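Engineer: Below is a structure I'd like to ask you about.
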Amino acid sequence: MESYSNKSLIHVRMKNFVKWIAPEKETRDAIKKQSDEIRGRIKGKAEEDGLTVMSMPYSGSFAKKTGLRRHYRGESEIEGQDIDIPFVVKKDKETEFEPLIKRFEKYCKASYPDTKRTPTKSSVKMEFVGTKLSYDIVPMFGTSEPDKQILIRENGEIITTSIQKHIDFIKSRTKESYDEDGIVRFNECIRLLKWWRERKIQKTSGSIDDVPSFLIDLLAAKAYDKCGVDTTYPQTLAKWFSYLAFVVKSRETIWFLDFYKTPKPDTNKTWNVLDPVMPDNNVVKNWQGYQIDELATWFQEGAENLNRAIVADLMGEDVESLEHLKLIFGKIFESHCK
């Protein structure tokens, strides 16, 4: 199907919707201000306790500009964002094999005694009442390489990663998409996929109870590398959905050339989606065959509905086009696409 004007109604609707789900500039400024305050307070407590904080980089969807300021719940939206704040700590003999989460929970309590705190397997989540924001405090160990960190989870699992390279992986594609014709941006496509993901999880009574944002990032990057971005959002996502339906269904190993040249797929696993920074990290190692098939079906249904919406738009059948878009993004799409 050939591209058509980026002034078409379906494109305008999707452009308006992605603007609505994305954080506003004022919100980003407020988050930066509060996260910097959190950094300062918790770093102070950690250093009083004898730790050396090497860095506190911006990370996650906030740094990548792929986050949502709203989330889909039922037929309504919930305001709120999750912000990651890593604390990269220098190793010493005392902390060498310590997950650090208990220590940082103590620092969070001392810094914000009235704020709800919830330890997770890799972080301490702090929820600030009234701001609709939560912050994940993620303690990590630094290494001799400035762009490499070590995460020790509460269960003892050790993960080597790179905050900076993961951000560069997304931001380089976003920057590249700015040079294409039209106004479609790679990071905004990720936002649309995240919203679609949330709706599918809530509306589909199948075997998938979570599709991590990191997996969405990697699938989007694979689709972008293969298909690029078109001049309109509907054309772009229609191609991405169709391509990913095929890739997932066929269990194609997904990997990237950004930071290594040889993939290391685990042949004992049903499917491999490899971390673009650490090739031995298969992010779908625990997925079962029936879950993979279900995800492929999600993408196929998305492609079919989006292509029907495009055809209806071309024929001037605006109401029918909108109905197909609502099947993808939920009924709430109608209220926020104008």
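Engineer: Keeping to the range 238-256, report how many residues are in contact (Cβ under 8 Å) with a residue 60 or more places away in the chain and either closer than 20 Å to PHE169 by Cα or touching a strand residue (DSSP E or B) at 6+ places or on another chain (Cβ under 7 Å) (or both).
Structural biologist: Final tally of qualifying residues: 1.
Engineer: In the range 53-71, is there at least one residue being in contact with an Asp or Glu (Cβ under 9 Å, 6 or more places away or on another chain), surrounded by fewer than 17 Cβ atoms within 10 Å (Cβ to Cβ) and at pLDDT 85 or above?
Structural biologist: The answer is no, given that none of the residues of the range 53-71 is in contact with an Asp or Glu (Cβ under 9 Å, 6 or more places away or on another chain), surrounded by fewer than 17 Cβ atoms within 10 Å (Cβ to Cβ) and at pLDDT 85 or above.
Engineer: Next up: Quick one: LEU133 ticks every box in (1) more than 16 Å from SER213 (Cβ to Cβ); (2) in the same structural domain as ALA223 (by TED's automatic domain parsing) except a single one, so which number is it?
Structural biologist: The single condition LEU133 does not satisfy is (2).
Engineer: Let me ask something additional. If I ask for residues that are part of a loop (DSSP other than H, G, I, E, B) and surrounded by 18 or more Cβ atoms within 10 Å (Cβ to Cβ), which ones from the range 152-172 would you list?
Structural biologist: If the condition is that a residue be part of a loop (DSSP other than H, G, I, E, B) and surrounded by 18 or more Cβ atoms within 10 Å (Cβ to Cβ), then SER162 is the only one that fits.
Engineer: State the number of residues belonging to the range 293-317 that are part of a helix (DSSP H, G or I) and out of contact with any helix residue (DSSP H, G or I) (no Cβ under 6 Å at 6 or more places or on another chain).
Structural biologist: 7
Engineer: When TRP271 is evaluated against the numbered criteria (1) part of a loop (DSSP other than H, G, I, E, B); (2) surrounded by fewer than 17 Cβ atoms within 10 Å (Cβ to Cβ), which criterion, by number, is the only one it fails?
Structural biologist: Of (1) part of a loop (DSSP other than H, G, I, E, B); (2) surrounded by fewer than 17 Cβ atoms within 10 Å (Cβ to Cβ), only one is false for TRP271: (2).
Engineer: Looking at (1) closer than 22 Å to PHE214 by Cα; (2) within 20 Å of the chain's Cα centre (by Cα); (3) surrounded by 18 or more Cβ atoms within 10 Å (Cβ to Cβ), which is the one condition that is false for GLY330?
Structural biologist: Just one mismatch for GLY330, condition (1).
Engineer: Does GLY40 satisfy the condition of being more than 30 Å from ASP230 (Cβ to Cβ), at pLDDT 95 or above and not assigned by TED's automatic domain parsing to the domain that holds ALA309?
Structural biologist: Yes.
The values are calculated or read from the model by the stated rules, or taken from the named source; none is laboratory data. Computed from a predicted model, the values in this text were never measured in an experiment. Positions of Cβ are backbone-derived with ideal geometry, glycine not excepted, and every protein chain shown enters the neighbour counts.
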